[in-house]
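This report concerns only the one structure given below.
The values are calculated or read from the model by the stated rules, or taken from the named source; none is laboratory data. Since the structure is predicted, the reported quantities are computational estimates derived from the model, not experimental observations. Methodologically, a virtual Cβ is constructed for each residue, glycine included, from the backbone with ideal geometry; neighbour enumeration extends over all protein chains shown.
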Amino acid sequence: MKQVQHFLNINYYLNKYLDQLPEPPLNPATKQPIGPADLAAIFPMELIRQEVSLEEFIAIPDEVLEIYKKFRPTPLIRAKSLEQYLKTPARIYYKNESATLSGSHKINTALAQAYYNKKEGIKRLVTETGAGQWGSALSMACSLFGLECLVFMVKVSFEQKPQRRTIMETFGAEVLASPSKTTQAGRKFLKINSNTSGSLGMAISEAIEIAAQDRASNYSLGSVLNHVLLHQTIIGQEVRQQLKDLGEKPNLMIGCCGGGSNFAGFAFPLLADQLAGKIKGIRFLGIEPAACPSMTKGEYRYDFGDTAQTTPLLKMETLGCDFVPSPIHAGGLRYHGIAPVLAFLHQKKLIETRIYDQLSCFRAGQIFAQTEGIIPAPESSHAIKAVIDEALRCKRQKRGETIVFNLSGHGLLDLQGYDAFIKGMLK
C-alpha cells in the first residue's frame, strides 16, 4: 500500500462534528489554560503547536518518513488459527506493531519527537518508561538522530525486565531505576517508602525535574498528550486502507489502554470517519488492567500527570496522581490516568472500556502464541483477552462480525512474566 504521508488530528473532527473539544490543560497556580510559554522549557515549539492544533492533517517530515520505510506499513493479519481454535464465525484481524524496529508501536512517536527536538537544537531527551518499550523506542530514535537519552525506568520493571535496560544501553541511553536518588522528587518518594515498586507518575516527576534544569535537554513523553496520539494515527490510517483493500468493514476495534496512545492511534482514523458519517456501526473498546482501571473506575476531573505535581492539570479520568498500582507485568498499563481526549470520548460514550486481571490476560496471550505463533506483550494480551471473549460471543450469537485489534508489541522480553504464569506463581 502507499505510504501514509500525514498524521491525522482527531481534534479537528471533534471540533467540526461535535462542536466541542476536551477541556484544556490548566496552570496549577492560576487555574487558567496554559500557553506555549508554560511548556517551552521542556518541549520543542513544533510539538507545542501540534498539541493545540485543529488542522486535519500534519505532514510527516521527510527524514521521519525515510526511517518509517524500514518497517511501515506493518502487516494486518487475519488470525485464522485463532478463529479455528475458538470455533467462532467472527473474522479476527490484528495489526502487528511488533514488526516495527523496536518491537512495539512506540517507535512511531519516538522518531517524530526525536526529529523535532533535534531540529530545534536540543542535545538530550529525558523520559520515563514503564515496561521499557517506550524507553527502548526513544533510545533507538535518539541514537538515529544523534541525541543523548536519559531514561527513568519504573523500579518494578527495572527489576522484572533487565533485557529492556540492556536494549536502551545498547543504543547509548543512561537508565536509572525510579524512584532514584538522583532527583529531589525521587529522594522524596524513597523517604516516604524506601521499598516502593515505583510508578509512571513518579518516573515522570523525575524526568521532568532533570529536563527543566538543563537548557540542552527536553522532556519526552510516550503517551497521554495530544501530539503523541497524533503521531500514532499512522497505525489506524494503515488499518483503514488495509481493511478497504480486503473488502472488510470492522464491527469492533480493540486495543489495550495505559496512557492510551496505541488504542488512540489505532482507533482514531476510523472513529473520525464515523464522526464524519462516512461509516457507521463500529464499536471501539479499550481494555485496562484490573490493577489500574483509570477510565473504567477513575474520576473524571482535573489532576496532575505526575506524582510530584509538577505538570499542568489535565482533565482526565484518574485514580489520583499518588496512586501506586500493584506490580503487574503489564508495566506499560500502570498509569494513574488516561489521555484527556480518550477520557472525553469515553464520557461522550463514543468508546467503551473493560477490565481484566493479569492471570486471564496471560492465558489469552498463551492461546494467541500457540495459535498464531507470536508471543504478545502482557499489555497486548489484555486486548487479546477481549478479542477472545467477543469472538465467543459471536459464536453464541451466531454472528459473523469482523473484529480488529492492535497487537501493540511482542513479549519476547517479558518472559519472566510468562514463566511465572506457566509455573502457577503469578498473582
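Brief remarks on what is shown
- For the range 335-366, the set of residues classified as surrounded by 22 or more Cβ atoms within 10 Å (Cβ to Cβ) and in a loop (DSSP other than H, G, I, E, B) consists of 335, 336, 337, 338, 339, 351, listed by residue number.
- Residue within the range 393-403 that is free of Cβ contacts under 8 Å to residues at least 40 places away in the same chain and either within 19 Å of the chain's Cα centre (by Cα) or outside any helix (DSSP H, G or I) (or both) present: no
- Filter result for residue 37 (in a loop (DSSP other than H, G, I, E, B), among the hydrophobic types (A, V, I, L, M, F, W, C), surrounded by fewer than 16 Cβ atoms within 10 Å (Cβ to Cβ) and modelled with pLDDT under 95): no
- Residue within the range 287-299 that is free of Cβ contacts under 8 Å to residues at least 40 places away in the same chain, surrounded by fewer than 24 Cβ atoms within 10 Å (Cβ to Cβ), more than 30 Å from residue 187 (Cβ to Cβ) and of a type outside the set (Asp, Glu) present: no
- Condition check for residue 332: buried (at least 24 other Cβ atoms within 10 Å of the Cβ), in contact with a Phe, Trp or Tyr (Cβ under 6 Å, 6 or more places away or on another chain) and in contact (Cβ under 8 Å) with a residue 60 or more places away in the chain: no
- Residue in the range 318-335 that is closer than 21 Å to residue 253 by Cβ and at pLDDT 95 or above present: no
- Qualifying residue in the range 242-256 (condition: surrounded by 22 or more Cβ atoms within 10 Å (Cβ to Cβ) and within 12 Å of the chain's Cα centre (by Cα)): yes
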